[in-house]
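Every number here is computed from the coordinates shown, using simple stated rules; none is lab data. No experiment lies behind these values; they were computed from the predicted model shown. When we count neighbours, we look across all protein chains shown, and the Cβ atoms used for this are built from the backbone with ideal geometry, even at glycine.
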Amino acid sequence: MGTHEYEEDPRNSDVWISINGELYRRANAKISVFDAGFLLGDGVWEAFRLHRGKLVFLDDHLQRLFHGAQVIALDIGRTKKEIIDEIERVIEANQMVDDVHIRLIVSRGLKPTPYQAPWVISSEPTLVIIPEYKKANPERALNGIRLVTVDVIRGPQNAQDPRINSLSKHNCIAACVDANRKGGDEGLMLDPNGNVATCNSTHFFIVTNGEVWTSTGEYCLDGITRQKILDICSDNGIPHYERDFTIEDVHNADEAFVTGTFAGLTPVIEFDGKLMSQGRRGEMVECLQNFYLDLIRSESSD
């Protein structure tokens, strides 16, 4: 499962899940087969971490949610405060405090018939909030993942905008399938110009000569953790660049790592069958992991 490997928790079998403001136990949480999210993948989603009672980087995530909805002309029909209130109600109903992952999904709503036109709709948007006790496998932060180059690319914004959290994830799923077929934990995806774009479920960085590089961001999701790492580099005098670079640059890099909301920073210890940083977590990755954990603790104490 790569960076999304987690420890099973029996408490998840009976959690409360919110669907349009109504709470249902997990076994009874269902939506209609006529929901636009099910029929067409028409909607947006967001993920949050609850750490020591605090929803970390909440404003950043909500801003990305509303921006994504605006891009696909979806009126969520709720204010940010109303969404926060509902998330907190679900957390309270489950008596959750720490090591919690929350998935929020907004679809366009119910359709009177299976048809793609977004104005053919018969309800308000569907809002689902799924909380789970979900703790990342700590060994991944030390022992890393194997990354492989996949044949599936990230397309341009006028094909399917890769910068938003769309419910339609076929592009990423196809890359995930290809990575698994090639023996990788995740797949490194290129952009239409042959430069490195991102991974199928995380953002990608390399470290070369003490510099931290990531892609321009034109062909990847506007990552919250990605931006926090860039901010950390800026605050601590670490040279960092959003730039075009190639597979050859990855092979020549000293270290590599990926980032995401769930697992934070995860080192890449193997790329396309060859060891990176001698097959172990590098010094820069460890340094950035510590800075990031300090940031999380600071956010939670606030």
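For the stretch 7-65, the list of GluC sites (Glu not before Pro) that fall in a loop by DSSP and count at most 13 other C-beta atoms within 10 angstrom reads 8. Taking the Cα centroid of the stretch 212-254 and of the stretch 125-187, what is the distance between the two, rounded to the nearest whole Å? Cα centroid to Cα centroid, the span is 18 Å.
In this structure, residue 63 and residue 294 have a Cβ-Cβ separation that, at R0 = 22 Å, corresponds to a calculated FRET efficiency of about 0.40. Binning the C-alpha pair distances of the stretch 139-301 at 5 Å intervals from 0 yields a P(r) profile of 2, 9, 19, 23, 22, 14, 8, 2, 0 %, listed from the shortest bin outward.
By its C-alpha gyration tensor, with a ≥ b ≥ c as the square roots of the eigenvalues, how is the stretch 2-134 shaped: rounded for a/c under 1.5, else prolate for a/b larger than b/c, else oblate? Prolate, since a/c reaches 1.5 and a/b exceeds b/c. Annotation note: chymotrypsin sites (Phe, Trp or Tyr not before Pro) in the stretch 82-133 located in DSSP loop regions with a Cβ neighbour count of at most 10 within 10 Å are 119. Charging the Cβ of each Asp and Glu at -1 and of each Lys and Arg at +1, and nothing else, the dipole of the stretch 139-301 about its Cα centre rounds to 460 debye. Temperature 25 °C, viscosity 0.890 mPa s: under these conditions the Stokes-Einstein estimate for the stretch 121-163, based on its Kirkwood radius over C-alpha pairs, is 156 µm² per second.
In the chain, taking the dipole from charged Cβ atoms about the Cα centre, the farthest positive-side position among 104, 6, 141 is held by 104. Near the amide H of residue 270, within less than 5 Å, lie the amide hydrogens of 145, 147, 276, all on another chain or at least 5 residues away, with H placed in the peptide plane. In straight-distance terms, cross-link reach from residue 228 covers every one of the lysines whose alpha-carbon lies under 25 Å from its own, apart from those fewer than eight places away in the same chain; here that gives 54, 80, 81, 134, 135, 169. Just checking the listed ones, 87, 72, 129: in the Gaussian network model of the chain with Cα springs under 10 Å, the one fluctuating most is 72.
Note on the stretch 2-134: dipole from Cβ charges, positive end direction compared against 36, 20, 127; the farthest Cα belongs to 36. Across 162, 112, 267, mean-square fluctuation computed from a Gaussian network of the chain (C-alpha pairs under 10 Å connected) peaks at 112. Charge dipole (Cα centre; +1 on Lys/Arg Cβ, -1 on Asp/Glu Cβ; no other charges) of the chain amounts to roughly 760 debye.
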